[in-house]
Amino acid sequence: MNQETAVIRNFSILLSPTPRGARLARLLAVEQLRAWGMPLHPAEHIVAELAANASTHGRVPGRDFRLTLYIVGDTLRIEVTDTRGDRLPRTELPPPDAESGRGLLLVDALSTRWGVSPGPTPRKTVWAEVACP
């Protein structure tokens, strides 16, 4: 399939930067992927990690985060945009007894590639791509 005939599918929603908003992001992503006939693994886990990070580290009271899913050709792109552009994600190995801090390591292991795109101020978007079967 070439780019001129490729169907671009997308889904985008604003969610509250709370644990409930993060859970809802995962549930809505699963339903959208099912509607598109896409496999849930590993996208479900990536969405869960990125949304949890947005609700934990990217939280600003009164400002929502955005979940966006795109399918272009044979790639699913997952984007989570929050309003803490001053807090960039880092992948570091946490101490062995730490109860958190491994989310981006999972994203790195499960995705084809991932990264961070700045702005516009005060936003940042953490994204991950997964090859579609």
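The values are calculated or read from the model by the stated rules, or taken from the named source; none is laboratory data. Computed from a predicted structure; not experimentally measured. Counting neighbours? That spans all protein chains shown, and the Cβs are built from the backbone with ideal geometry, glycine included. Note: accessible area is taken over every heavy atom of the protein model, side chains too, but ligands, DNA and RNA are not part of it. Shrake-Rupley method; radii C 1.70, N 1.55, O 1.52, S 1.80 Å.
Of the GluC sites (Glu not before Pro) found in the stretch 34-133, those that fall in a DSSP loop while having at most 13 other beta-carbon atoms within 10 Å are E92, E99. A 1.4 Å probe run over the chain, with the rest of the protein chains in place, finds 60 Å² accessible per residue.
Would you mind checking the tilt of helix 43-56 against the longest principal axis of the Cα atoms of the chain, expressed as 0 to 90 degrees and rounded to 10? For helix 43-56, the angle is close to 30 degrees. Once semi-axes √(5λ) of the Cα gyration tensor in Å is calculated for the structure shown, the corresponding label among [x] 29, 15, 13; [y] 46, 34, 15; [z] 24, 17, 14 turns out to be [z].
Charged neighbours of T83, selected by a Cβ distance under 11 Å, balance to +4 (K, R count +1; D, E count -1). Among the trypsin sites (Lys or Arg not before Pro) in the stretch 37-133, those placed in a DSSP loop whose Cβ has at most 10 other Cβ atoms within 10 Å are R90. Rolling a 1.4 angstrom probe over the chain with all protein chains present gives an accessible area of which 52% lies on carbon and sulfur atoms.
When the label point is put 7 Å from the Cα of D86 along its Cα-to-beta-carbon vector, which residues of the stretch 45-80 have a backbone N closer than 20 Å? Zone members listed by number: 53-66.
Estimated at 0.36 nm per residue, the fully extended path between C132 and V30 surpasses their Cα-Cα distance by 35.2 nm. Taking the longest Cα principal axis of the chain as reference, the axis of helix 19-35 is set at about 10 degrees. Each residue, D74 and R102, gets one label point 7 Å from its Cα in the Cβ direction; the gap between the two is 3.2 nm.
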